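Below: the structure, in structure tokens.
The values are calculated or read from the model by the stated rules, or taken from the named source; none is laboratory data. Source: prediction; values computed, not measured. Don't worry about glycine lacking a Cβ; one is built from the backbone with ideal geometry, like all the others, and counts go over all protein chains shown. Just the protein is used for accessible areas: all its heavy atoms, side chains included, with ligands, DNA and RNA removed. Shrake-Rupley method; radii C 1.70, N 1.55, O 1.52, S 1.80 Å.
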Amino acid sequence: MIEPSWTMGVEEEYLLVDRESGELVVEQPPGLIERVAELRHGQVSPEFFSAQIEIGTGICDDFRRLRADIGLLRLAVTEAAAEHGLAPIAASTHPSARAEEAHITDKERYRALAADLQGVSRRLIISGLHVHVGIEDPELRIDLMGQVTAFLPYLLALSTSSPFWRGTDTGLKSYRSAVFATLPRTGLPERFSSWAEYERHIDVLVRAGVIEDASKVWWDIRPSHSYPTLEMRVTDLPTRMEDTVAVAAAYACLLRMLWRLRTQHLSWREHSNFLVGQNKWLAERHGIEGELIDFESGELEPVPHAVERIVDMVRPDAEALDCVAEVEHLKTICRRGTSADRQLSACRDAIDAGADDAEALHAVLQTLIDDTLAPPAA
């Protein structure tokens, strides 16, 4: 069996805010995207709302290149935004913004999407992390998609960054997941026995005129429409760059681990979307502080314990892909918390110091601005 290339690419979606107040911008300054491209060659594009900007790395053969691309693109966005008194935040929701105050990007594709989704689209001030891993064989892509789905709730738990919505603590670590679930063609993917079966399902919607192509299927994981990759989309956007790299490394290593089993004529036991979906909800609700179901024992297991197991399980693959340190960083996330945990802590600390609700949310926003371009923690 020919080994896939395991090339990687990452897309991150940032929210643009006023550097001093932390408020979400209504309209993106003209020429901002072009300015980012001048500062750092890479994929830079608008998003559904004018207050968002998306970056994409190049096709990376190793994690040193991936880290460098993400860091340089974050720096370019920060420098371009600073010229207008703005800053990017890498988080899946803005703590206090209200969707009705934001403007949709003035492009035909976004106007068409808003017309199709109607009121649902007006809540989509949410940002995510998308990780592409190169798997050239489409049959293998479909097979691994079905197997790796069971691990997606753990990746979500490790990435949570959206505990607040419209100025309120939602009680969820990933409120973005709840918002995104209101869209059609989202959530856990169907299980397909072959590439041809997957294509038949897509063709039904295309022939009926419901969608133009597979890019309008927004599952938590999907075969990319544009590249020979398996694209993971379940995660929130980590605020700290090293967390993004760690989650990307874990995803790539899980796929390689499943491929390695396949070369031995083995496969991971697949579980129903009903069961995996329950774990996904637990990850949305509690993040790394929660417990997920270990389907082998049938018992709840603390997320940090499960992460220890996963790190050990994929160690041969992390060694093969030269990303042992990146995968080991998952344990650091479990020790010091995700962006969602840090945001909640900043809010509590401000309240304890005598701040009112608005001042506490401002403290959260300053934490997000600082952490978005923070160097790796020692």
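General observations
- Accessible-area value, His84, 1.4 Å probe, nucleic acids and ligands omitted, Å²: 90 Å²
- Computed over protein heavy atoms with a 1.4 angstrom probe, the accessible surface ordering of Met145, Met313, Met241, largest first, is Met313, Met241, Met145.
- Mean residue ellipticity (222 nm) of the chain, computed from DSSP H runs ≥ 4 via -39,500 (n - 2.57), nearest 500: -14500 deg cm²/dmol
- Its residue count N sets the reference 2.2 N^0.38 Å, and the alpha-carbon radius of gyration of segment 46-91 equals 1.27 times that reference.
- Cα gyration tensor shape of segment 120-206, rounded if a/c is under 1.5, else prolate or oblate by comparing a/b with b/c: prolate
- For the set Ser345, Ser339, solvent exposure ranked by accessible area (probe 1.4 Å, protein chains only) runs largest to smallest as Ser345, Ser339.
- Mean projected area of the Cα convex hull of segment 179-261, taken over all directions, amounts to 6.8 nm².
- Accessible area of segment 8-64 belonging to carbon and sulfur atoms, whole % at 1.4 Å probe: 47 percent
- With all protein chains kept in place, the per residue accessible area of the chain amounts to 42 square angstrom at a probe of 1.4 angstrom.
- Virtual paramagnetic centre 7 Å along Cα→Cβ of Gln43, amide N under 20 Å, in segment 194-233: 212-233
- The heavy atoms of Leu158 present about 10 square angstrom of accessible area, all protein chains included, probe 1.4 Å.
- The trypsin sites (Lys or Arg not before Pro) of segment 121-188 meeting both criteria, a DSSP state outside H, G, I, E and B (loop) and at most 14 other C-beta atoms within 10 angstrom of the site's C-beta, are Arg185.
- The chain, dipole about Cα centre (Lys/Arg Cβ +1, Asp/Glu Cβ -1), debye to the nearest 20: 520 debye
- The tail of the calculated P(r) for the chain beyond 27 Å holds 46 percent of all Cα-Cα pairs.
- Area accessible to solvent at Asp312, 1.4 Å probe radius, in Å²: 90 Å²
- Taking label positions 7 Å along the Cα-Cβ direction at both Glu301 and Ala115, the computed distance is 5.0 nm, reported to one decimal.
- Measuring r between the beta carbons of Arg200 and Leu75 and using R0 = 41 Å, the FRET efficiency lands at 0.40.
- Under 16 Å from Lys216, Cα to Cα: aspartates and glutamates that are on another chain or at least 8 residues apart: Glu47, Glu108, Asp116, Glu190, Glu199, Asp203, Glu231
- Judged by the gyration tensor of its Cα atoms, with axes a ≥ b ≥ c, segment 11-76 is prolate; a/c meets the 1.5 cut and a/b is the larger of a/b and b/c.
- Cα-projected label distance for Arg348 with Ser5, points at 7 Å along beta-carbon direction, nm: 4.6 nm
- Here the accessible area of segment 316-378 is 53 percent carbon and sulfur, with a 1.4 angstrom probe and all protein chains present.
- Accessible surface of segment 234-285, 1.4 Å probe, proportion on carbon and sulfur as whole %: 54 percent
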